Structure formats: structure tokens, C-alpha cells
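The values are calculated or read from the model by the stated rules, or taken from the named source; none is laboratory data. Just so you know, these numbers come straight off a predicted model, no measurement behind them. When we count neighbours, we look across all protein chains shown, and the Cβ atoms used for this are built from the backbone with ideal geometry, even at glycine. With ligands, DNA and RNA removed, areas are computed over all heavy atoms of the protein, side chains included. Shrake-Rupley method; radii C 1.70, N 1.55, O 1.52, S 1.80 Å.
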Amino acid sequence: MRHGGGFRRRRVSIQSFVVVCAIFAAMGLFMLNLRPVDPPTTHNFLVKLSATRDFPVPEIDETTKKGTRPCATVEEMGEDFRDGFWRSSLRVRRIIDQHFDLNGAQRVRNLSPEKFCQHGFVLAKASEAGLGNEMYKILSAAALSIMLNRSLIIGQTREKFPFGDYILYSNVSFTLKEIKHLWRLNKCEKKYGRRLAIRTDNFEKPMQTNVLCSNWRTWKQPIIWFQGTTDAVAIQFFLKNVHPDMRFAAIDLFGKSEVLQSRPNVFGELMRVLISPSKNIDEAVNWVIGGGADPDVSLHMRMLMNKSVRAVQAALNCITKAIHNLNTTSRPRVVVVSDTPSLVKSITPDISKIAEVLHFNYENFRGNVSMHVNRLQGPDFRVKDWGPAPRWVAFVDFFLASRAKHAVVSGAHRRVGTTYAQLIAALAAANSLGDNSTSSSFYFLSSFQRNLLREGLRFQIGWGHVWNRYAGLLSCHHQPNQCALTPLLPPAWWDGIWQSPLPRDVHKLEDFGVQLSGFGTIDETHLQNFCNSRKSVVKTIPIPL
């Protein structure tokens, strides 16, 4: 009886358990029908979602229950950039060529007076500070001229172009002096009532800039000057402009910010059209190459006068990886460029074991440009930043390194992928891509020593650095040395799966009217409301004729 009674009690318990489960299941289904539909819980979505919670950032060897880490190494992040840039870059090359065929100086200066006076222009104005930052000002203006279907003006100082002794500019652009002359010649103000003026907008003043809230394609002023565009980020803010007309113009040139696999090499393609080395700089470049083949790989090390053995070892590993991918039977050639002379001396013997090393030793060069050793000399307080060499050496190094046929490697003491290194890689990639190419073997690589990654990419602060958009919570801590594929077009937003912002960038975006989440998504409704509520700032500068 005891056994039978025990069996009945167990049977009753089982039946009760089934009934309770059924009740809870029914309640669950009922509640599910009442709640709004959530985004699909794919692995990528869950990875991004983890960044919004107050969990500690995981170590590289920690895994989730499903065996996947909620963070990524730099090399894993770089896999997005393995293929695809060549196809989109050739598309953009055609856009650039067509734009300057239509809006280049040669055609526009011959327009009828009425058409010329209705034409629009974008002003590029740069100083002679750091080459990377100043060149981005010119390239951003060129990109904006394409987006707005206007002609390009490159500003001069005392009738000299920026870095004019060392860089030649193509004939597709105007000077402001010529525009003023043509304005008078065509009687734009007297006959057509159009005064020559510049509308300015400063990206470095987020509370005032119209980069996100205004449709620049409808602006009526003859000349537009977008100031403060010292990196790849500013011009790409138009990708989130609230006006579809402006946003689509940016997407047509730069591609969608979330499609990282196939974004075009916009700045490299623009440099290919706009600039070339002066005769004296080209002479120095050819002196280094010595009549041989162009280099296969270029290494740029931004060391800030620091002697880091770890940085050297990581760079050697990355150079070895780049050379291994060449699949060449001849001895490869590697260009070494650095702001720190001791770095070149220390790394050359090890690279020489696997490749021929090229380096511009300006002290041994006796060409014409060396006679300008006191011209464009950096101030003493910038020696740690720019290095002890005369400033003109940076232009030789730039055009020498951009002759690399297969890879550019960027390493650093602190922040990898500076604007200078970005533009070397971009120009080299554009030079290596033929008009009829059906693939590309060119790579941009970032070399990280492990101490730079002890807290992931958190130390890659500053919008001018290529890995800044990956510096948030999705970057694994305590990574080993990394040699990562790197985007030729540095991203300006955080739309990729492994992209996440630093808290300082979240706060900075607030001044632009952007509410950015911990994993990089934007509240578009908030941005639209912000733009609707703000007063448009219009600043113009009249140009006396």
C-alpha cells in the first residue's frame, strides 16, 4: 500500500507540474503577443547588445556559453577589410573623373557669362602645418565639390599653394584670384546681380556646424568653405545628414557606413588626380629607388623619439607577414619611414635578413631640394612630434612610401594609423590599381605591440586615428601582438558589428545633436528633433573685387 500510495502521489505531482507548465506557457505566449517585436537576436546583435550593459570588458580568452567571445581582437576586426575595395574604388574613380571633366577649371572658365555666374565653388584652404591634417582639408573640399556638383578652388597664401615647393597640383582646380578675375570679366555682380561671397561652416564648432542638419545642395552662395576638416571623419558626417538629398550624395561617394567590406578608397583616388611630387621631391624619391623596381612594402613608424623594443618586434612580425603574402621569387624591397632616426637604424638589420631596405638618408642627398634645408623647418617644440629632420624630408618620405606596390604597414609608440600613414596607404593603393583591374593584392596593415592593447584599443583616442571607431567596449583586453588589415577609408561612424565608441566620443557627439548608444547606434528621431529645433547658422564672408 505504501508503494501504491507513493506512486499515486508522484503521479499527482507530475500531473500538477504539467498543468503549471501549461499555465506559464500560455501566459508567456499571451505576454509575447502584447509586447512590440524586438530586433532579431542574432549573434551579431547580441555581441553589440553586450556593450550596453555594465559587464566588465572580457579578456581575450574568455568565452560565452556558446563558445564565442563578446569582444574581438584587432586582427578579427580587420577581417572586414580583406576584400572588395578595388571594385568600389574603380566606381569612385569614374565618378571623380566625370566630375572634373564637367566641373574642372578648363571647362568652367569657358562657360558663357550667364552660366559661369550661376556656377558654384568649394574652397579648399590649408596651412603648412602637419602634412596629413592639412592634406585632409584639401581632399575633404574636393569630396564636397563632388557631392555638391561644384568646382574646386585651392586657396593660396601670398600666391603660393600649400606646400607648393614640394607638391604640384593638377589643373582641374581654380585659384581664388582667378575666380575674382572671372567674376569681374563676366560682370557677375553688375549684370547678373550675384555678389561674390563665401559661406563658411566650421566642423570644429559642433554647436554651430550645419553638417548634419542642413541641405548644402540648396545653398545659394557662390563659394562654400567647410573648415576644420583635418581628418577623414568630418566629410563623412554627411552620411548621417537628415536630408535625403545630401545623405544620398555622400553615400554615392563614400558608400554605406555599415558596409565596411567594400568601402571605396576615396581619398587615395582624389590624391591620384589632384597632387604629384614636385620635380625636386621626385628627384629625391628616384635617388632612393636607384633605378630599380618600386618598393613592394612600406613601413611607417610614428615613434615620437621613443625607443620601443616591443614596437620594433611587432613591426618585424607584420613586415614578415606582408612579405610572405607577396608570393614573389625576387628579393622584395621594403621602404622604412620614421620620425625617429634611431628606429630606422635598429630595425634595418633585421629586415635586411628577408628584404632589401630602402630609406631616405637626407644627410647624404645632394639634390636641389636639399638646398632648401632651412625652408619649412619645423619649430623646436615640434621636434618630438615631427622628428629632427627638416620638414621637406616628410614629403620625400611620403611620396617614396606611396610607391609601395603591395602593402603599407603602420606602427607606432602610442597611436597607430595617423593621418600621414593613412594617406600614404591610400595613395599607394590608388597607384597600384589599374583602370581595368579585376582584383587587388594591396593591403594596409596595422602593427600593434601587446602593451598598446592591454585595455584593448582604448588608447587609440583622437578622431584622426584609423582605429578610433573600434576603441570601445567590444575591443578585447590583453591582446598579443597584432598585425591587422586596416581600412583605406577610415570609418567616421560606428555602424560595423565590432565598432563601439569611447565615452568621450559619446559626449562629443551630443554637441552635434547625436545621441549615440554604447555600441554606436544613433537615435535618428532625436537627431531629427534636434535639427528641427535648432536655428540654422549662416556665416558669410564678402569677397571684394
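One line per residue, one yes/no per condition, for (1) surrounded by fewer than 23 Cβ atoms within 10 Å (Cβ to Cβ); (2) basic (Lys, Arg); (3) at pLDDT below 95; (4) in contact with a strand residue (DSSP E or B) (Cβ under 6 Å, 6 or more places away or on another chain):
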| site | (1), (2), (3), (4) |
| --- | --- |
| HIS478 | yes, no, no, yes |
| PRO490 | no, no, no, no |
| GLU510 | yes, no, no, no |
| SER517 | yes, no, yes, no |
| HIS526 | yes, no, no, no |
| ILE541 | yes, no, no, yes |
Given (1) hydroxyl-bearing (Ser, Thr, Tyr); (2) touching an Asp or Glu at 6+ places or on another chain (Cβ under 6 Å); (3) not in a loop (DSSP other than H, G, I, E, B), index of the condition THR200 fails: (2)
Based on what the data block shows, is MET305 touching a residue at least 60 places away in the same chain (Cβ under 8 Å), of a type in the set (A, V, I, L, M, F, W, C) and at positive phi? yes
Is it the case that LEU457 is open to solvent by less than 10 Å² (accessible area, probe 1.4 Å) and within 20 Å of the chain's Cα centre (by Cα)? yes
Inside the stretch 140-166, can you point out the residues that are surrounded by 19 or more Cβ atoms within 10 Å (Cβ to Cβ) and of a type in the set (Ser, Thr, Tyr)? SER140, SER145, SER151, TYR166
Go through (1) crowded, with 21+ Cβ neighbours inside 10 Å; (2) in contact with a Phe, Trp or Tyr (Cβ under 7 Å, 6 or more places away or on another chain) and name the single condition GLN422 misses. (2)
For the stretch 212-235, how many residues meet the condition of being closer than 22 Å to ASN103 by Cβ and open to solvent by less than 10 Å² (accessible area, probe 1.4 Å)? 7
Taking VAL297, is it touching a His at 6+ places or on another chain (Cβ under 8 Å) and either modelled with pLDDT of 95 or more or not assigned by the TED database to the domain that holds LEU423 (or both)? yes
Among the numbered criteria (1) open to solvent by less than 10 Å² (accessible area, probe 1.4 Å); (2) in a helix (DSSP H, G or I); (3) closer than 19 Å to PHE360 by Cα; (4) of a type in the set (A, V, I, L, M), which single criterion is violated by VAL408? (2)
Filter result (out of contact with any Leu (no Cβ under 9 Å at 6 or more places or on another chain) and either open to solvent by less than 50 Å² (accessible area, probe 1.4 Å) or at positive phi (or both)) within the stretch 123-139: ALA126, ALA129, GLY130, GLU134, LYS137
By residue number, the members of the stretch 198-211 that are surrounded by 14 or more Cβ atoms within 10 Å (Cβ to Cβ) and either without any contact (Cβ under 8 Å) to a residue 24 or more places away in the chain or not β-branched (Val, Ile, Thr) (or both) are ARG199, ASP201, ASN202, PHE203, PRO206, GLN208, ASN210
Just to be sure I understand, how many residues within the stretch 489-522 are closer than 27 Å to VAL74 by Cα and assigned to a loop (DSSP other than H, G, I, E, B)? 21
Among the residues of the stretch 236-282 satisfying the criterion of being among the β-branched types (Val, Ile, Thr) and open to solvent by 10 Å² or more (accessible area, probe 1.4 Å), which is farthest from the chain's Cα centre (by Cα)? VAL242
Over the stretch 514-543, the set of residues of a type in the set (Phe, Trp, Tyr) and within 23 Å of the chain's Cα centre (by Cα) is PHE519
Positions within the stretch 160-197 being part of a loop (DSSP other than H, G, I, E, B) and β-branched (Val, Ile, Thr), in sequence order: VAL172, THR175
Of (1) in contact with an Asp or Glu (Cβ under 7 Å, 6 or more places away or on another chain); (2) at pLDDT 95 or above; (3) surrounded by fewer than 20 Cβ atoms within 10 Å (Cβ to Cβ), ARG184 satisfies every one except (1)
So TRP494 ticks every box in (1) open to solvent by 50 Å² or more (accessible area, probe 1.4 Å); (2) within 30 Å of TRP219 (Cβ to Cβ); (3) without any contact (Cβ under 8 Å) to a residue 60 or more places away in the chain but one. Which box is left unticked? (1)
Would you check if there is a residue in the stretch 147-159 being in a helix (DSSP H, G or I), of a type in the set (A, V, I, L, M) and either touching a residue at least 40 places away in the same chain (Cβ under 8 Å) or more than 29 Å from PHE398 (Cα to Cα) (or both)? yes
Among the residues of the stretch 286-302, write down those that are of a type in the set (A, V, I, L, M, F, W, C), surrounded by fewer than 22 Cβ atoms within 10 Å (Cβ to Cβ) and in contact with a strand residue (DSSP E or B) (Cβ under 9 Å, 6 or more places away or on another chain). VAL288, ILE289, ALA293
